[in-house]
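Derivation of every value follows stated rules applied to the coordinates shown; laboratory data play no part. Just so it is clear, the structure is predicted and the values come from calculations on it, not from any experiment. Cβ sites come from the backbone with ideal geometry, for glycine too, and all protein chains shown count toward neighbours.
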Amino acid sequence: MSERTLVLIKPDGVRRGLIGDVISRIERKGLKIVAMDLRTLDAETAKAHYAEHAEKPFFGELVEFITSGPLVAMVVEGPRAIQAFRALAGATDPVKAAPGTIRGDHALEIGENVVHGSDSPESAAREIKIFFPDRF
Ligand code: DAT
Ligand code: MG
């Protein structure tokens with residue numbers, strides 16, 4: 001059964017020229033990109049996207065970082081796409097992320113870990129609606 005996930009190439013990934021690398025890994029895995037947009041988030045959209053982290057001590061930094069420049073938002077589709085992309089991304093903390101994963105290969109700091117991927121079908125539906133209202 002096919003499912004959809006929201007993937008972001010965060011502003012650090014765009015700044016560092018990693019758009020092609022991330023897209024290439026998604027395509028090599030056999031996942032399909034069904035929507036894509038380069039944009040800079042406003043604070044309101046960023047807060048909505050990260051609402052589950054609103055009470056965390058790093059929330060302010062997170063919103064500042066994710067709005068700090070253009071990001072690439074994508075809807076990615078395929079069998080178990082949510083889990084498949086999280087496996088490609090690697091652990092949240094890039095030092096713990098396995099080499100061969102996006103974060104394992106490209107990042108060192110938890111706050112600048114290159115990509116986002118939805119973590120459940122409920123999050124995916126909620127996040128896709130924030131980034132691509134009316135499209136799905
Ligand atoms: P993930 O992006 O792997 O789903 P998450 O949902 O737990 O991880 O957190 C969202 C983002 O918030 C994460 O990609 C980076 C940032 N973050 C998480 N934990 C953090 C921490 N302890 N300090 C600073 N930033 C953190
Ligand atoms: Mg998350």
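Under the convention that each Lys and Arg Cβ holds +1 and each Asp and Glu Cβ holds -1, the size of the dipole of the chain around its Cα centre is about 480 debye. The simple spin-label model puts a point 7 Å past each Cα toward its Cβ; for GLU77 and THR40 those points are separated by 3.2 nm. Cα-based radius of gyration for region 51-107, normalised by 2.2 N^0.38 Å, reads 1.32.
Panel note: the C-alpha atoms of region 2-131, placed on their principal axes, show extents of 35, 30, 24 Å (largest first).
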